[in-house]
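Taking it in order: structure first as structure tokens, then the write-up.
The values are calculated or read from the model by the stated rules, or taken from the named source; none is laboratory data. For clarity, every value in this text was computed on a predicted model and none was experimentally measured. Cβ atoms come from the backbone with ideal geometry, glycine included; neighbour counts cover every protein chain shown. SASA here: full protein model, heavy atoms, side chains in, ligands and nucleic acids out. Shrake-Rupley method; radii C 1.70, N 1.55, O 1.52, S 1.80 Å.
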Amino acid sequence: MTFAGKGNRRPQLDIKIELIEVDKKNPRLVPYLEKPDEASQFDLISVLYENFDTEAVAMSLVENGYFDEEPIIVVPNKIPSDFSFSNYTNPDDLATAIKGLVDNDEIRFTVVEGNRRTSAIKLITDFSLRNKLGIDKFYPKTENGSIIQDISNIPCIIYEKREDVSSYLGVRHIAGLLKWEAFAQAAYTASVIEQELEKGLSISDSIKQVQKVVGDRSDKLRKQYITYKLFLEARDSLDFNVRPIINKFSLLTVAYNSASIREYLGVEAYSKVDLDSELITSDKYDNFKNVLTWIYGNINTNEQPVLTDSRKITSTLSHIVKKQEAVDFLIQHKDIDGAFDRTNGERVYLSKKLNDASKAMQTSLQFAYKYKNDEELIKQVSELEELITVLKSNLL
């Protein structure tokens, strides 16, 4: 019987930091890279510095050194073609053999768990990196030789292939205590499902396999995968900058959960959607862009989001998309409350506004006697009289 945790412990070695590369396939980093496959190590370290607070990690490292109780996880990215992990049944023997490759400069590694720590160490120990980023003056660093030596050679658990680590990452960062943010979870889910697809499984069976690995019994992974596909279609098919979606990815899930918004987008519910096809058809691209713009704003057109409260996705926007008149008003005026007022039709909207005006005038009567002969207020009342005359003539 095969299962994710089966087998001996993995080999562990202290490895020089210069032999370890940051992971360009890390699901938390990919969204920040225009072309992930072409990203340099500097690009990756820049993204980690700018978006994932490596300074906090660096402050601990320069103060405490590296805690050996927290090894990172790496996989070889360069290894002799005739070297095979399967030739070794004892992990200590395998570790010794890998150390021989390290000593002979025949192997390099990519970190798949511990990218923040790795990038922080590289910045602490490499002036040229700090200088290139323009952060040398304020990024944590140390002149303590013992600390530098300690963090330059760090404990690593070595897996043979990236796929071998997938189960561990899923349990740790999706089902476990150290959960990734929503987008990273969805990106990871999609990448592992793609791995299963490459093995020849159907999309449905691939999802079920990943669900088993991470212990998902709530269909959460299927929902994450569908929402991530929506993100990819927005990125690839629309003239829309998807960066804001990454930071508030859960809002896209909230929108998709609404039956009326799904109908506006022409998308089926989770249980019925065909994952082998595009979720959004080309005739619904404009609607898709509208929804994304209302929720996230549109960087390309300098539009701000009209939804300042995420709760209005379900309480307000879900009703607006049912009425074309309300949608047209929202597109033209960017007024979510005004659009919502039109969800019941023009007559109801007109009646509501007349009632509002009547209540306002009744309230004004409570104070009017205090301001007899006030010329400015008399002028305002006269203007109201004219408006009422015109309004009444339009109704007769």
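Residues in segment 247-275 that are more than 23 Å from the chain's Cα centre (by Cα) and open to solvent by less than 40 Å² (accessible area, probe 1.4 Å): Ser260, Tyr264.
Of all residues in segment 307-319, those that are among the β-branched types (Val, Ile, Thr) and open to solvent by less than 20 Å² (accessible area, probe 1.4 Å) total 2.
Just one of Lys359, Lys322, Lys352 is outside any helix (DSSP H, G or I), open to solvent by 80 Å² or more (accessible area, probe 1.4 Å) and out of contact with any strand residue (DSSP E or B) (no Cβ under 7 Å at 6 or more places or on another chain); which is it? Just one listed residue meets the conditions, Lys322. Check whether at least one residue in segment 303-314 is part of a helix (DSSP H, G or I), free of Cβ contacts under 8 Å to residues at least 60 places away in the same chain, more than 23 Å from Leu232 (Cα to Cα) and not polar (S, T, N, Q), and report yes or no. Looking for residues that are part of a helix (DSSP H, G or I), free of Cβ contacts under 8 Å to residues at least 60 places away in the same chain, more than 23 Å from Leu232 (Cα to Cα) and not polar (S, T, N, Q), one finds at least one in segment 303-314, hence yes. When the helices (runs of 4 or more DSSP H) confined to segment 39-157 are screened for residues that are among the aromatic types (Phe, Trp, Tyr) and either open to solvent by 60 Å² or more (accessible area, probe 1.4 Å) or without any contact (Cβ under 8 Å) to a residue 12 or more places away in the chain (or both), those reaching at least 1 such residues are found at 127-133. Evaluate the following for Ser206: is it of a type in the set (Ser, Thr, Tyr), crowded, with 18+ Cβ neighbours inside 10 Å and more than 30 Å from Glu303 (Cβ to Cβ)? Considered against the rule, which asks whether it is of a type in the set (Ser, Thr, Tyr), crowded, with 18+ Cβ neighbours inside 10 Å and more than 30 Å from Glu303 (Cβ to Cβ), Ser206 comes out as yes. Within segment 290-297, identify whether any single residue is more than 22 Å from the chain's Cα centre (by Cα) and hydrophobic (A, V, I, L, M, F, W, C), and answer yes or no. No, that holds for no residue.
Just one of the numbered conditions (1) under 28 Å from Arg243 (Cβ atoms); (2) at pLDDT 95 or above is not true of Leu169: (2). Put simply, of Phe288, Phe329, Phe340 the only residue that is of a type in the set (Phe, Trp, Tyr), over 22 Å from Phe240 (Cα atoms) and in contact (Cβ under 8 Å) with a residue 12 or more places away in the chain is Phe340. Every condition in (1) open to solvent by less than 30 Å² (accessible area, probe 1.4 Å); (2) polar (S, T, N, Q); (3) in a helix (DSSP H, G or I) is met by Asn26 except one, and the failing one is (3).
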